[in-house]
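Chemist: The structure under discussion is supplied below as structure tokens; questions concerning it will follow.
The values are calculated or read from the model by the stated rules, or taken from the named source; none is laboratory data. Keep in mind that this is a model prediction, so the values were computed, not measured. Heads up, the Cβs are rebuilt from the backbone with ideal geometry, glycines too, and the neighbour counts pull from every protein chain shown. All accessible areas refer to the heavy atoms of the entire protein, side chains included, with ligands and DNA or RNA removed. Shrake-Rupley method; radii C 1.70, N 1.55, O 1.52, S 1.80 Å.
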Amino acid sequence: MSDKRSRLEPPDISEKGGLKGGQPQRSDERLFMQLMAFTGCESTGDVVRQLQAAAFESVLYEDLNDPRGVALVTLSRDPDTFIDQVRPALKSGALSALSLRPDLTMFGRTYSLGYEPDLSSALFDRPRRTVLNPDWPWAVWYPLRRNGRFEQLPIEEQRTILAEHGEIGMRFGAADYVHDVRLACYGLDRDDNDFVIGLIGKALFPLSAVIQAMRKTQQTSLYLDRLGPFFIGRAVWQSPGVAAAQ
């Protein structure tokens with residue numbers, strides 16, 4: 001048995017993009033993000049001050065649907081950050097006084113589709129700019145799970161279905177209405193979801209409008225097992241370093 005295993009080729013788990021300068025693009029790194037929601041926050045000022053002193057990048061949202069609710073989004077290329085830095089921070093200072101809402105915890109990683117013209121931008125720069133852009137404070141975050149029937153479709157049919165969905169997102173993005181963060185969460189989500197989606201923008205209504213438009217696509221209407229729960233909030237603080245009007 002051991003001899004047979006030693007002859008097996010290890011799977012290629014790197015992220016791959018399209019050709020750039022005639023050369024294939026590959027990356028063994030990704031950007032990880034986590035959203036954790038809390039209630040019991042009487043004032044965000046002390047939480048903001050704690051985050052300003054933290055070593056990790058983050059966003060703090062005020063919860064639209066809970067007058068004492070907030071959500072913290074943290075991001076890092078290194079998943080150890082969430083255990084070594086974020087976890088201790090949650091057990092100290094102003095954050096330790098808040099009550100976690102586990103049903104709204106989301107964790108995922110950026111991923112490639114295989115034809116990105118700039119793989120580094122797709123995996124790191126673009127999602128980081130999106131969540132940290134001070135011009136885009138509003139956000140809707142939610143997980144989703146596709147059903148097994150989608151995975152059984154021929155690859156070309158899958159691409160057609162995803163292209164219909166993606167075209168709507170590109171139109172909203174080109175108009176500066178909605179910018180998205182797409183994270184894979186296979187095996188990383190307590191409810192066994194496949195993806196975490198963040199819709200980010202300067203105003204709330206377009207975020208609702210793009211979800212409404214996408215409800216009519218084949219992917220949403222035919223091939224999703226579940227969608228949500230949803231967190232809706234507006235950023236009260238974002239880590240600095242990303243210029244406005246990207």
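Chemist: Among the listed residues 144, 132, 119, 113, which satisfies the condition of being touching a Phe, Trp or Tyr at 6+ places or on another chain (Cβ under 9 Å) and surrounded by 14 or more Cβ atoms within 10 Å (Cβ to Cβ)?
Modeler: Residue meeting the stated conditions: 144.
Chemist: What number goes with the only condition from (1) β-branched (Val, Ile, Thr); (2) in contact with a Gly (Cβ under 6 Å, 6 or more places away or on another chain); (3) surrounded by fewer than 19 Cβ atoms within 10 Å (Cβ to Cβ) that residue 236 does not pass?
Modeler: Result: residue 236 passes all but (2).
Chemist: Here's a follow-up. Give the residues of region 118-173 that are part of a loop (DSSP other than H, G, I, E, B) and modelled with pLDDT of 95 or more, sorted by residue number. Can you show your working first?
Modeler: Within region 118-173, the subset part of a loop (DSSP other than H, G, I, E, B) is 118, 133-137, 147, 152-154.
Within region 118-173, 118, 133, 134, 135, 136, 137 meet the criteria.
Chemist: Turning to a different aspect of this structure: Could you go through region 31-46 and let me know if any residue there is among the charged types (D, E, K, R), open to solvent by 40 Å² or more (accessible area, probe 1.4 Å) and within 25 Å of residue 127 (Cβ to Cβ).
Modeler: Filtering region 31-46 for residues among the charged types (D, E, K, R) gives 42, 46.
The next check asks that each one be open to solvent by 40 Å² or more (accessible area, probe 1.4 Å); those that pass are 42, 46.
Going one step further and asking which of them are within 25 Å of residue 127 (Cβ to Cβ), we end up with none.
Checked region 31-46: no residue is among the charged types (D, E, K, R), open to solvent by 40 Å² or more (accessible area, probe 1.4 Å) and within 25 Å of residue 127 (Cβ to Cβ).
Chemist: If you take the residues of region 79-89 that are under 20 Å from the mean Cα position of the chain (by Cα) and surrounded by 14 or more Cβ atoms within 10 Å (Cβ to Cβ), which of them is farthest from residue 55 (Cα to Cα)?
Modeler: Among those residues, the one meeting the criterion is 79.
Chemist: Are any residues in region 174-188 open to solvent by less than 80 Å² (accessible area, probe 1.4 Å) and either assigned to a helix (DSSP H, G or I) or acidic (Asp, Glu) (or both), and if so, which ones?
Modeler: Filtering region 174-188 down to residues open to solvent by less than 80 Å² (accessible area, probe 1.4 Å) leaves 175-176, 178-181, 183-185, 187-188.
Within region 174-188, 176, 180 qualify.
Chemist: Just to be sure, is residue 75 buried (at least 16 other Cβ atoms within 10 Å of the Cβ) and not in a helix (DSSP H, G or I)?
Modeler: Against the criterion (buried (at least 16 other Cβ atoms within 10 Å of the Cβ) and not in a helix (DSSP H, G or I)), residue 75 qualifies.
Chemist: Mind checking which residues of region 189-212 are more than 13 Å from residue 227 (Cβ to Cβ) and either of a type in the set (Gly, Ala, Ser) or in a loop (DSSP other than H, G, I, E, B) (or both)?
Modeler: Quick first cut of region 189-212, residues more than 13 Å from residue 227 (Cβ to Cβ) only: 189-190, 192, 198, 200-210.
Residues satisfying the conditions are 189, 190, 192, 198, 201, 202, 203, 204, 208, 209.
Chemist: Here is a follow-up. For region 167-213, how many residues are of a type in the set (A, V, I, L, M, F, W, C), within 25 Å of residue 149 (Cα to Cα) and over 18 Å from the mean Cα position of the chain (by Cα)?
Modeler: Number satisfying all stated conditions: 2.
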